[in-house]
Amino acid sequence: MSCRSIVVLALVGVLLLAFLPAAAQQHPNTARGFGASGSFNPGDVDSVNLFNGNLVIRIPIGQSFPVNGSLSYGLSLVYNNNVWDYQQLPDDPVVQAIPNRLANAGLGWMVSLGRLNPPTSTDVDSNRTTYMSPDEALHTFYPTLHEGETAVNGVQYTRDGSYLRYKFASNEIELPDGTVQHFNALGFPDQIRDRFGNQVTVDYSAGNLWTISDGHRIQKVWFRTDLPPFNPVVDRVELAAFNGTIATWSFRYSNDDGTPVTLTGCRNSDPATANQPVPLLTQVTLPDGSF
């Protein structure tokens, strides 16, 4: 199957890539999500990065849940059509195209609350702290907000217009609106709070389950582990609904349809990373039975 056929059938837009040595910021050609310095053409549920053509689709999973004050949270299913992570070692002509390792809902799709120092392609400097927002945009931290300024001990800043502040002693990121996110040892957020003591906690101890609690409600994200290489992948999301009921969003993949998919990333030149199994998200069933 040609790369063009793959793009059409799998809804995968592959970008023109410049394979450069590791840089501090992610290269604009491969950037995903909504970068603060980017230019986007927005639609109802989709937006296009006008620089690199990356398509971003954001589908809310249920509502936004208010906690108290201005603190609220919600889950979304997000798609980026830049679906390959490219790896190239210095002085090595071989290029590896790896299915985006952060995708946890099929090729290109992700449900996330954000992550600190996620695995990514080699165009991001692994020596610097990096934050991935829920839309999969990467934000790199530096010792100062601007070059030439005096560093503040224990604090780092982004320079991409997002104005995030990272305190590495407590492993926390402060957002411009005053929200604070704390991350566990694996880089997953386990607490989101505001300046007034309102908070949301996320428990990962049950293995393939995220339990999100805000003191009033409990939300659950269940995962399955039978669809390599994306393990785990989202199986269903259970949200608190009216009158104590549960609203369930169920995910279905190409393997469930009896049509497993194997792809080779465009521009991949390493036989070891060719013909990789890549489950495709084929259906999401809503609580009312529609899909």
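The values are calculated or read from the model by the stated rules, or taken from the named source; none is laboratory data. Model, not experiment: these values are computed from the prediction. Neighbour counts run over all protein chains shown; Cβ positions are idealised from the backbone, glycine included. What goes into the accessible areas is simple: the full protein's heavy atoms, side chains included, and nothing from ligands, DNA or RNA. Shrake-Rupley method; radii C 1.70, N 1.55, O 1.52, S 1.80 Å.
With A247, A272 as the choices, which residue is open to solvent by 70 Å² or more (accessible area, probe 1.4 Å) and either touching a residue at least 12 places away in the same chain (Cβ under 8 Å) or in contact with a Ser or Thr (Cβ under 9 Å, 6 or more places away or on another chain) (or both)?
A272
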Filtered residue count, region 277-291, keeping only those that are closer than 19 Å to N80 by Cβ and either open to solvent by 40 Å² or more (accessible area, probe 1.4 Å) or more than 21 Å from the chain's Cα centre (by Cα) (or both): 1
Qualifying position, being touching a residue at least 40 places away in the same chain (Cβ under 8 Å), open to solvent by 30 Å² or more (accessible area, probe 1.4 Å) and on the phi > 0 side of the Ramachandran plot, among R193, R267, R217: R267
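Could you name every one of the strands (runs of 3 or more DSSP E) located completely within region 39-126 that has at least 1 residues being closer than 18 Å to D270 by Cβ and at pLDDT below 95? Step through it out loud before you land on a result.
On the way: elements: 40-42, 46-49, 55-68, 71-80, 84-87, 96-99, 109-111.
Counting at least 1 such residues, we get 84-87, 96-99.
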Among (1) open to solvent by 10 Å² or more (accessible area, probe 1.4 Å); (2) under 21 Å from the mean Cα position of the chain (by Cα); (3) of a type outside the set (S, T, N, Q) - the single one L77 does not satisfy: (1)
Subset of region 139-162 that is open to solvent by 70 Å² or more (accessible area, probe 1.4 Å) and of a type in the set (V, I, T) - its residue that is nearest to P176 (Cα to Cα): V152
